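Derivation of every value follows stated rules applied to the coordinates shown; laboratory data play no part. Remember, it's a predicted structure, so these values are computed and weren't measured experimentally. Neighbour counts are summed over all protein chains in view; Cβ atoms, including those assigned to glycine, are modelled from backbone coordinates with ideal geometry.
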Amino acid sequence: MIRESIRVVNSTGLHARPAATLIKTLKKYESSMTLVNNGKEVVIKGLMSVLGAGVKGHSHIDIICDGADEQDLMSEIKGLFADGFGEKE
């Protein structure tokens, strides 16, 4: 299990489009992902769990990846967040 703090760089946070991208990425891996926002842990299983986490733009969250390919999953997720999920500011 690995845990990293990540900054949400896009101003709109995890709304439908970035959440869908996150779920699509997660489905490529065996590992599970948990998102921690304001002390609330949400196991990410689908779009509604991402949206239910209530991640706002320009905030800090923790991501926990656990499983056989956790390092690869974490690397790709960090890239998505660093890129703002491709949304132009």
Contour excess over end-to-end distance, with Cα ends at residue 3 and residue 25 and 0.36 nm allotted per residue: 6.2 nm
Candidate lysines for bridging to residue 40, where Cα separation is under 19 Å - those fewer than 8 sequence places away on the same chain excluded: 56
Within the chain, helix-based [θ] at 222 nm, where runs of 4 or more DSSP H residues each add -39,500 (n - 2.57), nearest 500: -10000 deg cm²/dmol
Shape of the range 1-66, Cα gyration tensor, a/c cut at 1.5: oblate
The chain: angle of helix 70-82 to the longest principal axis, Cα-based, in degrees nearest 10: 10
For the range 29-89, Kirkwood radius (reciprocal of mean inverse C-alpha pair distance, Å): 12.3
Gained length - residue 56 relative to residue 87, 0.36 nm times residue gap less alpha-carbon distance: 9.7 nm
Karplus (6.51, -1.76, 1.60) ³J(HN,Hα), θ = phi - 60°, over the range 41-57, in Hz, Gly and Pro reported as x: 8, 10, 6, 7, 10, x, 4, 5, 5, 5, 5, x, 6, x, 7, 8, x
GNM result for the chain, Cα springs below 10 Å: residue of 75, 59, 49 fluctuating most strongly: 75
Long-range amide H partners of residue 44 with built H, under 5 Å: 33, 34, 35
Unit charges on C-beta of K, R, D, E only; dipole of the range 2-86, Debye: 400
